[in-house]
Each structure stands twice: as structure tokens, then as C-alpha cells.
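Chemist: Quick one: this structure, given as C-alpha cells, is what I'll be asking you about.
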Amino acid sequence: MTTLSTFMKFAWYCILLLTSAGMYAQVDTDVTEKTATLYNNLKIVQNSNYFLFGQEFFNSFRYNSGSAHGNKDYADAHAVTGAYPTVLGSDFHYYLDKSATERGYHTEAVKWAYQQGFVITFDWHISARNTSSYQCSGSPANLAKNIANQNDTNGDLTWFYGELDKIIAIINNDLVVDDERIPIVFRPFHEMNGNWFWWGANCSGFNAADYKKLYQLTADYIKERTTSVLFCWSPNSPVTSTVMTNYYPGDDYVDILGLDMYEVTASPFRQYMGLLVDYAQQHNKVAVLAETGYRNDTGNGETAARYWNETVLPAIVNDPSGKSLKIAWALTWINSSWSHPYVPHATSTTAAKQSFINFKNSTHVVLSDKAHNMYEQLIVSAEQTRAPEISIFPTPTTNEITISLNGYNSPVLVSILDIKGSEIISKTIHTEITFSSKKLKMKPGVYIVMITGHGLLERQKIVVL
């Protein structure tokens, strides 16, 4: 039996080899080391038995205020649970269309979250040309179509490049800590299959083919001018295979696939998330629940608070297919007096607070009290953890791979990946499991066995003959 100490030294060497070989390549292959590490870590999280919890503007808005604030270490979630969300959502709209003071609040909030090791994701409710609105209604005719098809007859394309230059300047010059650019996940032109945004379905004759061009043009322009951006594409629910096929910009333009879905119930949630996760795995991407929350609570917010532990968590972790748990994060929207109490706050009822605390305490949910720095490799050495032993036995004569664990006191996730990082199978186990390489149709070659759970990542190469 191989001790875990010896195994982990080998596993660490494998990780360095696989990472340097581009096992998890981003759209932009010239990104900084920390940006690449973030993406690799998101891959690890999505293959674990837990997901990160996030919120839009969690430390620059609060429910009892109608405006942004500059107390960057205050968050409603922290006031209730003592822990912060581990994904911070931000929006370039609030940098370009709000006051310089508010822009400063959000910038400092992002810097603070990055320094805690949290994930930073940006959407962009970009206001249409010559308006202050991002809605389809009232936007200039054919704006998105002209940009997508690089038609600059009336200056639409020039205007758009100018807007891109503004956010690129923010990314390169403002989102910087200790002379290093902060890695961000950028989610442009979200909910494109809805008809409410000026880049949405059928707005001024805008169609799916145009949308792909618009997204591709945007990604190409940004990645040529930045080194710290990952790209996320997120349709709105309900999502179908037709939506995925028609609107997906292509593997060269997407790192992360998201889904926006509010007021979820288990059945359609699992259906749509299963479709998204399947698509992400087929294309070797990360899947996330990009937006969710409960918006129909007109009372004291108790229903919205209970939504997490009583609806979202069971929908994810009790999915018989296991697909709903294969996400890197779930993010909710802004707490403010003009929005909704998406998470409970200081003046919420005791019951509302306790429900959210129960959600936070789940082993499947990661807030800051259980978080790892997402800009450092998610590896814990055997010497630090006194971790148990593991044995992996490929048996060529019977086409079987047996994985035996000794000393784990709770389940872990075991995955088999091909050398490109595509998943063959994943199973949650306690002590031992045997896979048939023949039944899994594994061709002869090198594969990686990956074990995740409780902050540990363990890998070993195996050869199937």
C-alpha cells in the first residue's frame, strides 16, 4: 500500500506537469499565473462535493440602504452568519454610469474581496448608445445588430469600442493590488435568450447568429488588451438544447457556462442545470449558477431567507443524477432597499437568520469560514493534514480499477478524467469502489484519478492497457 505522503508528492508533481501543459486552457492563453490558477481551482471545486456561495455587491450595498456604501468589510451575510460570501459579483454599469464616489466604493470592495482570496465576477448592464437604459425598449434600432456585423455607418461600432476601452482601462489600471491585476470572470451580454436587454432575442431584429458575433467580437477585443480575464456565458432559464446550440459562442470564447434562474423548484432546476452541466462537461468548461434568488417576498424577507436552505440546497445536493452539484458557485443578487432581501440582514427575524445559518453550515456550501484562497493551488500536504491512506489498483487482466480509502471519516468524490481533463465518471464513496474500464469504454492510454473533498485534492496517473 502506498502511503498518502508519498502519493501526494507524486500528485503535486502531476499537477505541475498537467497545469504547465495547459490541461485546463482558458480562452486567453496569455493570462497571468493567478488567473490560470483561479480557473484550475474552479475546475476542482466543480468536481468536488461543495460549491461556493456568492452575492452581487455583497460588501458595497446593504439591505437597509438605498445607496452604495464604503464600509468594504461589512456584508449582510456576515452580519447574520459571521462569514462572507466567497464570490463577489460586480457590474461595470456601476463604474461607468454612477458617481465617482460610488465607483470608488465598488473598486475598493473588489480589491478587499480579492485580498481575502474570493472569486470576483463582473456582469455588464451596458447602457445603450445615447440612453441611460440597458433595456430593449427605447434602445436605438439595430444597435446590437450593427455592432455584431461591424456596421459602423452611423457610428455604432466606434461607440461600442469606446465603451470596451473604458472597461479595459478599469481592468488594467483600477483593479490592481500590489502591482498585480485582479483576475476576474467577465459575464457579458447575459440572458441573451430573453427579450428584455438590447442584446436580447429579437430586439431590433437581433438573432442568435448576430449574438454569437457580438460575443466573439467582444471577447477577442478584450483578450488582446488584458491578461486577467476569464469569460462566462450565461443564458436565462428556461434553457433548452436549442438555446445552447444556437447561442453558444464557441469553445474559443467561453471559459465558464452559467445559468440565471430565480425562484427555483427542484424539478425544472435539475432539468436545466443538468443540461448546462452536461454541455459544460462536453466542452471541458466550468458550470455555475450565475444568478438566483427569491424575488416574490413582499413581507419581511423570511421566505427569501428560507429559500437557500429549504429550496436551493436540497435541489442541488439531492439531485439523483448528481449533476446539480457539479457547479463551482451559486450567486444571488443585490441586497438593498430598492432591490430585495436576497439574504437575511441584521433586522431579519430570528427564524430567517437561523435558516440561512443552517445553509451556511452545510458541508456542501462554502462561505469564508470554510474558504481557501482561490489564487493559490487547492492542495493541502499530507504532513499538514495527517490525511489517510489511499491505494489505486489498475488490474489489466480484468479491466478493473479499484480505489481503496483508509481513514476517511466522511465521503469523498472520486473522478476519472482523460488526459485532456474531460470527465469519464464521478462517484461519491466512503471506503472502496471498483470501476470497469471496459464498461466505461476507456480506450488504452493515460488517465487521471482525482479525489476531492474537505479541501483536499489528490491525483494519480493510471494507465489503461
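Chemist: Restricting attention to segment 95-106, does a residue exist that is in a loop (DSSP other than H, G, I, E, B), within 20 Å of the chain's Cα centre (by Cα) and of a type outside the set (D, E, K, R)?
Modeler: no
Chemist: Just wondering, is there one or more residues in segment 377-386 that are over 30 Å from residue 79 (Cβ atoms) and at pLDDT 75 or above?
Modeler: Among the residues of segment 377-386, at least one is over 30 Å from residue 79 (Cβ atoms) and at pLDDT 75 or above, which makes the answer yes.
Chemist: Would you mind stating whether residue 435 is aromatic (Phe, Trp, Tyr), modelled with pLDDT under 95 and more than 29 Å from residue 31 (Cα to Cα)?
Modeler: yes
Chemist: When you go through (1) part of a loop (DSSP other than H, G, I, E, B); (2) touching a residue at least 40 places away in the same chain (Cβ under 8 Å) one by one for residue 132, which number turns out not to apply?
Modeler: (2)
Chemist: Return the pair list, or none, for Cβ contacts closer than 6 Å from residues in segment 97-109 that are assigned by TED's automatic domain parsing to the domain that holds residue 133 to residues that are surrounded by 15 or more Cβ atoms within 10 Å (Cβ to Cβ) and of a type outside the set (Ser, Thr, Tyr), at least 6 apart or on different chains.
Modeler: 102/68; 105/68; 107/174; 108/72; 109/59; 109/72
Chemist: Identify, by number, the condition in (1) closer than 20 Å to residue 232 by Cβ; (2) surrounded by fewer than 18 Cβ atoms within 10 Å (Cβ to Cβ) that residue 187 doesn't meet.
Modeler: In the conditions (1) closer than 20 Å to residue 232 by Cβ; (2) surrounded by fewer than 18 Cβ atoms within 10 Å (Cβ to Cβ), residue 187 misses (2) alone.
Chemist: For segment 306-346, what are the residues that are of a type in the set (A, V, I, L, M) and over 19 Å from residue 262 (Cβ atoms)?
Modeler: Matches in segment 306-346: 317, 325, 328, 346.
Chemist: From the set of residues in segment 233-264 that are closer than 16 Å to residue 281 by Cα and charged (D, E, K, R), which is surrounded by the most Cβ atoms within 10 Å (Cβ to Cβ)?
Modeler: 255
Chemist: Still on this model: Starting from residues that are closer than 30 Å to residue 371 by Cβ and in contact with a Lys or Arg (Cβ under 7 Å, 6 or more places away or on another chain), keep the ones in segment 119-170 and report whichever is surrounded by the fewest Cβ atoms within 10 Å (Cβ to Cβ).
Modeler: The residue in question is 168.
Chemist: Which condition does residue 163 not pass, out of (1) in contact (Cβ under 8 Å) with a residue 60 or more places away in the chain; (2) assigned to a loop (DSSP other than H, G, I, E, B); (3) of a type in the set (Asp, Glu), if it passes all the others?
Modeler: Result: residue 163 fails condition (2) only.
Chemist: Which members of segment 326-375 meet the condition of being touching a helix residue (DSSP H, G or I) at 6+ places or on another chain (Cβ under 9 Å), among the aliphatic types (A, V, I, L, M), more than 21 Å from residue 273 (Cα to Cα) and not in a helix (DSSP H, G or I)?
Modeler: 343, 346, 367, 374 - these are the residues of segment 326-375 that are touching a helix residue (DSSP H, G or I) at 6+ places or on another chain (Cβ under 9 Å), among the aliphatic types (A, V, I, L, M), more than 21 Å from residue 273 (Cα to Cα) and not in a helix (DSSP H, G or I).
Chemist: Among the residues of segment 34-82, write down those that are part of a helix (DSSP H, G or I) and over 30 Å from residue 100 (Cβ atoms).
Modeler: Result: 36, 37, 39, 40, 41, 42, 43, 44, 45, 46, 80, 81.
Chemist: Can you name the residue in segment 190-199 that is touching a strand residue (DSSP E or B) at 6+ places or on another chain (Cβ under 9 Å) and on the phi < 0 side of the Ramachandran plot and, of all such residues, is surrounded by the most Cβ atoms within 10 Å (Cβ to Cβ)?
Modeler: Once the filter is applied, the top-ranked residue is 192.
Chemist: Is it true that residue 428 is within 30 Å of residue 83 (Cα to Cα), modelled with pLDDT of 65 or more and assigned to a loop (DSSP other than H, G, I, E, B)?
Modeler: No; evaluated as a whole, the condition is false for this residue.
Chemist: I would also like to ask the following. For residues that are under 15 Å from residue 68 (Cα atoms), surrounded by fewer than 17 Cβ atoms within 10 Å (Cβ to Cβ) and touching a strand residue (DSSP E or B) at 6+ places or on another chain (Cβ under 7 Å), tally how many sit in segment 78-118.
Modeler: The total comes to 0.
The values are calculated or read from the model by the stated rules, or taken from the named source; none is laboratory data. Only a predicted model underlies this, so the values are computations on that prediction, with no experimental measurement involved. Cβ coordinates were reconstructed from backbone atoms using ideal geometry, including for glycine residues, and neighbour counts include every protein chain displayed.
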